[in-house]
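The values are calculated or read from the model by the stated rules, or taken from the named source; none is laboratory data. Treat the numbers as computed from the prediction; the structure is a model and nothing was measured. Methodologically, a virtual Cβ is constructed for each residue, glycine included, from the backbone with ideal geometry; neighbour enumeration extends over all protein chains shown. Just the protein is used for accessible areas: all its heavy atoms, side chains included, with ligands, DNA and RNA removed. Shrake-Rupley method; radii C 1.70, N 1.55, O 1.52, S 1.80 Å.
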Amino acid sequence: MTVDKSGGRVRRMFGEISPRYDFLNHFLSGGTDIYWRWRAVRLAPPVGDAPILDVCTGTGDLAFSYEKRAQGAAVIGSDFTHEMLVLANKKREAASGSRIEFLEADAQRLPFADDSFQIVSVAFGLRNVADTMQGLQEMTRVCRPGGKVVVLEFSMPENRLFRACYRWYFRHILPRIGQLLARNSQFAYNYLPQSVSEFAQGETLATMMKQAGLASVIYKPLTFGIATLYVGTK
């Protein structure tokens, strides 16, 4: 059975878990998600003052990571879940000197002109976009020639033994912890392993990025392959 990634379901789901979203991201990954975002910014760093866009930004963690590295470049975070953006704006207000602009937008229909951004990034959000290729094409469209499209996403480990252990944890333990700590009617932490298992990864996703108009696509498994970082050049 294919996981339901319809816009309405995904928006409701992330709206319901938004109050516990940051805590659970850090708790369930043991804080490793912070390192993964650091690697993303290191692999595709800002150059100059051209703006940066982070789509499916959630509460803005990757956008904040890019702002710390950017030297005068404006950073925009977009998401179509209003509740997430409320939290992102609160974090911006609490961060001394942050000027990130957060706005409500669907990754499949970005409200920006062609060739606008030096970097267009997404962390753990592309698999939630109903049409993956449409999302990649939009990210590529608004990226400047020579700019980078950065995708950080969960993946399944290649090592057979570790993969089996991780899959068991991912399917049986993580959903129970997630549902206990962030009760929601959409069973978001059952959706998580289902969506990761069905989502393209490795060479398959790299090929899709090339088909979307990107070149020199590279990908690097992180933390034994439970996440993968992809970077392509427009």
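Across the chain, C-alpha contacts under 8 Å between residues 6 or more apart give a mean separation that, scaled by the residue count, equals a relative contact order of 21 percent. Here the contact order of the range 1-118, divided by its residue count and restricted to Cα pairs under 8 Å and six or more residues apart, works out to 24 percent. Non-local lysine pairs in the chain, meaning eight or more places apart or on different chains, with alpha-carbon distances under 30 Å, amount to 21. One chain, two ends: Leu43 and Asn89. Fully extended at 0.36 nm per residue, the span grows by 13.9 nm beyond their Cα-Cα distance.
Taking 7 Å steps out from each Cα toward its Cβ at Gln179 and Ser96 produces label points 4.4 nm apart.
Report the calculated FRET efficiency for Thr223 and Arg144 (r = Cβ-Cβ distance, R0 = 30 Å), to the nearest 0.05. It comes out at approximately 0.45.
Taking all protein chains into account, the per residue accessible area for the range 45-195 stands at 46 Å² (1.4 Å probe).
Accessible surface of the range 81-234, 1.4 Å probe: 54 percent of it comes from carbon and sulfur atoms. Placing a label point 7 Å from the Cα of Tyr35 along the Cα-to-Cβ direction, the residues of the range 112-154 with a backbone N closer than 20 Å are 123-124, 151-154.
Rounded to two decimals, the Cα-based Rg/Rh of the range 101-234, with Kirkwood Rh, is 1.01. Residues within the reach of a label modelled at Glu198 (point 7 angstrom out along Cα to beta-carbon, backbone nitrogen below 15 Å), restricted to the range 124-143, are 126-133. Dipole of the chain computed with +1 at Lys/Arg Cβ and -1 at Asp/Glu Cβ about the Cα centre; of Gly15, Asn25, Ser65, farthest Cα towards the positive end is Asn25.
I need the peptides 165-172, 46-53, 91-98 ranked by packing, meaning the mean over residues of other C-beta atoms within 10 angstrom, with the highest value on top.
Details: 165-172: 14.2, 46-53: 18.0, 91-98: 11.8.
Ranking the peptides 165-172, 46-53, 91-98 by packing returns 46-53, 165-172, 91-98.
State the percent of C-alpha pairs, over all pairs in the chain, separated by a distance greater than 32 angstrom. Summing the P(r) tail past 32 Å for the chain gives 13 percent. Putting +1 on Lys and Arg Cβ atoms and -1 on Asp and Glu Cβ atoms, find which of Val122, Leu103, Phe154 reaches farthest to the positive end of the dipole of the range 90-234. So the residue we want is Phe154.
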